[in-house]
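Everything on this sheet refers to the single structure shown next.
The values are calculated or read from the model by the stated rules, or taken from the named source; none is laboratory data. Every value quoted in this text rests on a predicted model; they were computed, and no experiment measured them. In this analysis, Cβ positions are derived from the backbone assuming ideal geometry, glycine residues included, and neighbour counts consider all displayed protein chains. Note: areas computed on protein heavy atoms with side chains; ligands, DNA, RNA excluded. Shrake-Rupley method; radii C 1.70, N 1.55, O 1.52, S 1.80 Å.
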Amino acid sequence: MPLPTGRPLRVGVQLPEVERIVRWPEYVAMARAAEDAGFDTLWLGDHLLYRYADGSTRGPWEVWTMLSALAASTSRIRLGPLVASAAFHAPAMLAKLAATVDEVSGGRLVLGLGAGWNETEFRAFGFPFDHRISRFEEAFRIVRTLLHDGAIDFDGRFFQARNCVLLPPSSRPGGPPLMVGSIGPRMLEITLPHVQSWNVWYADTDNSPAGLEPHLRLVDDVCRRVGRDPAEVERTAAVLVRLPGGTGRVMGNTTQAAIPPIQGDARAIATRLLEYAELGVAEVQLVVDPITVESIMSLAPVLTELDRL
């Protein structure tokens with residue numbers, strides 16, 4: 001995806017997941033605020049249920065329905081799941097969902113994919129948790145082939161898509177761009193020959209450029225091993241940003257108490273984000289604490305500062 005004129009990297013924002021129960025009017029208000037503020041991308045997690053040590057539970061809305069509604073309610077901003085679990089739908093159905101959201105958005109979908117990790121939701125909703133990477137490998141083949149070629153005839157160990165055709169065809173030749181969210185070497189070997197971008201979560205980098213560097217080297221190494229030019233795969237990274245009033249975003253396996261957030265005035269935040277661009281990162285997705293319409297709008301000066309740097 002092209003970078004905005006004058007901006008050293010794209011900047012996205014992740015909408016709420018389970019911080020609190022958020023109703024549709026607030027979601028659409030946040031999406032429109034992000035578009036108005038100048039953000040480049042908009043992201044939603046793909047989860048179903050979290051269960052915490054104290055016995056409490058939380059769950060978000062279903063991601064594809066929400067993405068389709070947000071796509072119809074915005075006009076410019078790119079959007080996608082960060083990232084979609086390939087295990088939550090039959091692979092051909094997942095391709096169908098992605099193609100539909102891409103159509104509704106006018107070609108603004110970025111299809112982030114992963115294998116999933118939260119056993120609680122797998123068990124609760126009846127999805128098998130065994131052989132997750134092997135299942136993902138087959139699912140990924142079906143999804144990418146249907147979106148890119150429009151048809152597949154596949155009979156695998158875990159999934160079948162016999163004489164399957166994706167109709168109507170995508171309005172974008174080759175379908176939406178693919179992004180993998182993983183730091184696992186096997187997952188990278190499966191996906192890096194085919195994806196346009198890679199993503200890492202802030203907890204896996206200690207929310208710092210220094211913590212990101214080993215993962216960037218791993219992506220380079222795996223690209224070379226599978227015969228892909230590392231320069232062909234964009235790097236993206238989620239980044240935790242704390243604003244006044246932030247007390248920590250409640251998520252699935254949150255360990256935010258030990259993870260230093262980026263914080264400060266607009267110049268300070270922009271300067272930290274510039275460090276990611278200097279490492280070759282093409283996009284950061286801001287995980288904002290607190291995540292409200294007001295906090296999204298308050299980050300507009302950060303984008304302005306980035307445009308000047």
I'd like the Karplus ³J(HN,Hα) series for the stretch 215-232: coefficients 6.51, -1.76, 1.60, θ = phi - 60°, whole numbers in Hz, and an x wherever there's a Gly or Pro.
5, 5, 5, 4, 4, 4, 5, 5, 3, 5, 5, 9, x, 10, 5, x, 5, 7
Can you pull the one-decimal nm distance between simple spin-label points at Leu279 and Asp307, each 7 Å off the Cα toward Cβ?
2.7 nm
Please report, to one decimal in angstroms, the Kirkwood hydrodynamic radius of the stretch 131-237 built from all distinct Cα-Cα pairs.
15.0 Å
From the residues Leu178, Gly245, Ile296, which one has its Cα farthest along the dipole of the stretch 168-309 in the positive direction, the dipole being from +1 and -1 charges on Cβ of Lys/Arg and Asp/Glu about the Cα centre?
Leu178
State, as an integer percentage, the relative contact order of the chain based on alpha-carbon contacts under 8 Å between residues 6 or more apart.
21 percent
As I understand it, the value is the acute angle between the Cα axis of helix 24-37 and the longest principal axis of the Cα atoms of the chain; what does it come to in degrees, rounded to 10?
70 degrees
Please give the charge dipole size of the stretch 267-309, origin at the Cα centre, charges +1 on K and R Cβ atoms and -1 on D and E Cβ atoms. Round to the nearest 20 debye.
100 debye
The stretch 1-114: relative contact order from alpha carbon pairs under 8 Å, six or more residues apart, as a whole percent, is 24 percent
Placing +1 on each Lys and Arg Cβ and -1 on each Asp and Glu Cβ in the chain, then taking the dipole about the Cα centre, the residue among Trp117, Ser68, Gly38 whose Cα reaches farthest towards the positive end is Ser68
Can you give the extra length, in nm with one decimal, that the chain gains between Arg217 and His194 once fully stretched, where that is 0.36 nm per residue apart less the Cα-Cα distance?
6.4 nm
Explain nothing, just compute: Karplus ³J(HN,Hα) = 6.51 cos²θ - 1.76 cosθ + 1.60, θ = phi - 60°, for every residue of the stretch 74-87 in order, whole Hz, x for Gly and Pro.
10, 10, 10, 5, 6, 8, x, x, 10, 10, 6, 7, 5, 7
Can you work out the Karplus-derived ³J(HN,Hα) for every residue in the stretch 110-120? Use 6.51 cos²θ - 1.76 cosθ + 1.60 with θ = phi - 60°, whole Hz, and x for glycine or proline.
10, 8, x, 10, x, 8, x, 9, 8, 4, 3
What do you get when you divide the Cα radius of gyration of the stretch 238-309 by 2.2 N^0.38 Å, with N the number of residues?
1.09
Work out the FRET efficiency for Arg267 and Phe158 from their Cβ-Cβ distance, taking R0 = 45 Å, and round it to the nearest 0.05.
0.35
In terms of the charge dipole of the chain, which places +1 on Lys and Arg and -1 on Asp and Glu at the beta carbon, the residue among Ala139, Ile152, Ser208 farthest towards the positive end is Ile152
May I ask for the angle, rounded to the nearest 10°, between helix 63-73 and the longest principal axis of the chain, with both axes built from Cα atoms and the value confined to 0 to 90°?
60 degrees
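In the chain, what percent of the accessible surface is made up of carbon and sulfur (1.4 Å probe, ligands and nucleic acids excluded)?
Of the solvent-accessible surface of the chain, carbon and sulfur hold 53 percent.
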The chain accessible area per residue, 1.4 Å probe, protein heavy atoms, integer Å², reads 42 Å²
Full-stretch length increase - Thr65, Ile21 - with 0.36 nm per residue and alpha-carbon distance subtracted:
14.2 nm
With axes computed from alpha carbons, what is the tilt in degrees of helix 91-105 against the longest principal axis of the chain, rounded to the nearest 10 within 0 to 90?
50 degrees
Size of electric dipole in the stretch 31-103: Cβ of Lys, Arg +1 and of Asp, Glu -1, about Cα centre, debye, nearest 20
100 debye
